[in-house]
């Protein structure tokens, strides 16, 4: 039986404001009474924030609106939980978090909210983004390349972080004239990695550095092509999984274990999977 003082929490809220208040109250109660929730910190919750954000993105990629609704709730729980921790530490509360975001949106959209910009504000998406970046730089006091690059969060996936770092450098003119320079750099870094691999004494740290240089160069190519490197790699990973799954299923249908198959046999099935994809099967 539900404790009488908590009965109201089991009633579905009729509007978003009351729903947010309901979630906020639930989290505060959990902090006071649940052994697990009591010991959580900003640091201990960090993996959950990343995981929930990725799960929401996965739902978007799958066009799964039912799951997206759930995952966005999980992301919101993370925001509320961190806000409750901030309140306990007298740093900030949920109201502060929401109001600060509101103020930021108002500042960065003067073309929408300010009367004097109603007729001469940016009319295209590119101009809006340019205005956004200009306002953001003024807010953050970004006056040099180093500060620009240091503002890119280290917690981002490496490909995304590389893309953003390169774009910020390119915005002030530190860039190849065209994509041919980026391709030349990929070839140069490939040769350097090959040379490092062929050395008599393998230096693992040097290998790591050269591989990183190659990946960074590949991201530069993706930037020139206007392709998100993270999404592009995700597509390739999914493609690899589909084709490898075909190998597994084909082996299973023949009563074979993958470990007992030769590379040539698996390669044949891999090519079969490619042909099936090309024919739309």
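Please treat every number below as a calculation from the coordinates, not as lab data. Everything quoted here is computed from the prediction, not taken from an experiment. Cβ placement follows ideal geometry from the backbone for every residue including glycine, while neighbour counts extend to all protein chains displayed.
Data table
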| read-out | value |
| --- | --- |
| Global form of region 232-278, assessed from the alpha-carbon gyration tensor, a/c cut-off 1.5 | prolate |
| Virtual spin-label span in nm between residue 206 and residue 102, 7 Å along Cα→Cβ | 6.0 |
| For the chain: relative contact order, % (alpha-carbon pairs under 8 angstrom, 6 or more apart) | 9 |
| Nearest-0.05 FRET efficiency for residue 275 and residue 42, computed from C-beta distance (R0 41 Å) | 0.20 |
| Residue exposure sequence - 186, 57 - by fewest surrounding Cβ within 10 Å | 57, 186 |
| Virtual spin-label span in nm between residue 167 and residue 244, 7 Å along Cα→Cβ | 3.0 |
| Efficiency of FRET from Cβ geometry, residue 232 and residue 92, R₀ 22 Å, rounded to 0.05 | 0.05 |
| Peptide ranges 18-31, 232-245 listed from the most packed, as the mean C-beta count within 10 angstrom indicates | 18-31, 232-245 |
| Potential lengthening between residue 268 and residue 74 on full extension [0.36 nm per residue; Cα-Cα distance subtracted] | 65.5 nm |
| Theoretical FRET efficiency, 1/(1+(r/R0)^6), r = Cβ-Cβ of residue 188 and residue 66, R0 45 Å, to 0.05 | 0.40 |
| Shape call, the chain: gyration tensor on alpha carbons, a/c limit 1.5 | oblate |
| Relative exposure of 83, 279, judged by other C-beta atoms within 10 Å (fewest first) | 279, 83 |
| Between helix 42-61 and the chain: long-axis angle, C-alpha atoms, 0 to 90°, nearest 10 | 70 |
| Relative exposure of 203, 93, judged by other C-beta atoms within 10 Å (fewest first) | 203, 93 |
